[in-house]
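Structure first, then comments.
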Amino acid sequence: MSMRTPQVEPAEGLPSGVTVYEVGPRDGLQNEKTVVPVEVKAEFVRRLAAAGLSTIETTSFVPPTWVPQLADAAELLADLGDEGRGPQRPVLVPNDRGLDRALEAGVGAVAIFGSATETFARKNLNRTVAESVAMFAPVVRRAREAGLWVRAYVSMCFGDPWEGPVPVEQVVDVCGRLMDLGCDQLSLGDTIGVGTTGHVARLLDALDGAGVGPERTGVHFHDTYGQALANTMTALRHGVTVVDASTGGLGGCPYAKSATGNLATEDLVWALEGAGVETGVDLEALAATSVWMAGHLGRPSPSRVVRALTGSGD
Ligand code: HMG
Ligand code: MG
């Protein structure tokens, strides 16, 4: 007999509920070789919302030369209408031009995205860390003036493919500089999926000590080394209640080749449901969405839970 849901046995030390911050349409699709038609993207967002995901990052307002996969950001938001607006439908914006385009599209939330390391800042933003903070400052100020919710990502928090280990103090420093601009939430990016549990605990403690507590911090683990779920559970035991995940385990960063997919939303939801933690997500509907999306992308989902529930790995 195959199990459709986990046996629920509440685990100690976890929050009663978790907000899943879904990044599939943005982090997932930015990294696909196939450019997905805009109406398929819109249907993807609608299906995710129908499966119970409250927060969905829909796209990015970056130059099409940098990320051609998301060049249709304005068309996507026009197609989504009210379903793409509001404080729970963030989009990535790197600069003033991106914010102008996002405001024109009627968004209610934006995310800036910095780097803990100089090499990735240069590769991903064509700026030094200091220059990128200066680029983000007016974006955050104007976004807040316009009443938008603002998130700050920091990439390469647990290691960098060019620089190797990244000192915790250096990560805390960049996080502090971005949060000091006036952001509502921080997201700690393990862009290349190399972090481990003790490292997660140490970074969260250091951030807390520097005044950025876990109530304002989300975690964003790519699963390259298979550590994403273990790291997430550690973060939850340290007071974090916002977890980034990508339906079907899609994801990666075109400017860091060693980045593979994000923590799969289905894997996260299976673990949380079993531990008695509320997510509001319908696992069957989500797995069906991943199978549908895999059909458009021409390859099966890498998520173990999707494969187990749907037999789609054969
Ligand atoms: P740049 O080339 O230095 O930009 O790129 P620029 O300011 O010199 O402008 C060059 C041209 O682009 C100009 O046009 C601008 O108007 C135009 P021209 O005068 O030559 O005709 N332009 C724009 N057009 C549309 N939208 C815009 C925009 N901005 C400028 N927003 C820039 C600098 C920051 C723009 C670039 O480096 C960039 O967009 N980088 C983003 C790359 C990216 O999207 N990476 C993936 C997302 S990050 C990620 O995945 C990590 C994360 O998941 C967390 C984790 O996993 O760690 C978040
Ligand atoms: Mg990412």
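Bear in mind these aren't lab numbers, they're just calculated from the coordinates by the rules spelled out. Just so we're clear, the structure is a prediction, and the values are computed from it rather than from any experiment. We place every Cβ from the backbone using ideal geometry, glycine too, and count neighbours over all the protein chains shown.
Quick check: pseudo-label points 7 Å beyond the Cα along Cα→Cβ at Ala50 and Ala146, how many nm apart are they?
Going by the 7 Å Cα→Cβ label model, 3.0 nm.
Taking 0.36 nm per residue of sequence separation and subtracting the Cα-Cα distance, how much length would be gained by fully extending the chain between Glu83 and Asp100, in nm to one decimal?
Going from the current span to full extension adds 4.1 nm.
Within a Cβ distance under 14 Å of Cys175, other residues only, what is the Lys/Arg minus Asp/Glu net charge?
Summing Lys/Arg as +1 and Asp/Glu as -1 gives -3.
In nanometres, what is the gap between the two model label sites at Glu169 and Ala130, each 7 Å from Cα along Cα-to-Cβ?
Modelled inter-label distance: 1.8 nm.
Rounded if a/c is under 1.5, else prolate if a/b is larger than b/c, else oblate: which is region 19-310, with a ≥ b ≥ c the root eigenvalues of its Cα gyration tensor?
Since a/c stays below 1.5, the shape of region 19-310 is classed as rounded.
Name the residues of region 13-52 whose amide N is less than 20 Å from a point 7 angstrom out from the Cα of Trp66 along the C-beta direction?
23-33, 35-36
If you add up the charges near Leu70, with Lys and Arg at +1 and Asp and Glu at -1, over every other residue whose beta carbon is less than 13 angstrom from its beta carbon, what do you get?
Neighbourhood net charge equals -2.
Would you mind pulling out the separation of the Cα centroids of region 209-286 and region 162-189, in Å?
Centre-to-centre (Cα) distance: 18 Å.
Which value, in debye to the nearest 20, describes the size of the charge dipole of the chain about its Cα centre when Lys and Arg Cβ atoms bear +1, Asp and Glu Cβ atoms bear -1, and nothing else is charged?
500 debye
Order these peptides, 215-223, 18-26, by their mean beta-carbon neighbour count within 10 angstrom, highest first.
Highest mean packing first, the order is 18-26, 215-223.
For Lys257, give me every one of the lysines with a C-alpha distance below 16 angstrom, ignoring sequence neighbours fewer than eight places off in its own chain.
Partners within reach: Lys33, Lys123.
Antiparallel DSSP bridges in the chain: what percent, to the nearest 5?
Around 10 percent of the beta bridges assigned by DSSP in the chain are antiparallel ones.
What net charge do the residues around Gly164 carry, taking every other residue with its C-beta under 15 Å from that of Gly164, with Lys and Arg at +1 and Asp and Glu at -1?
-4
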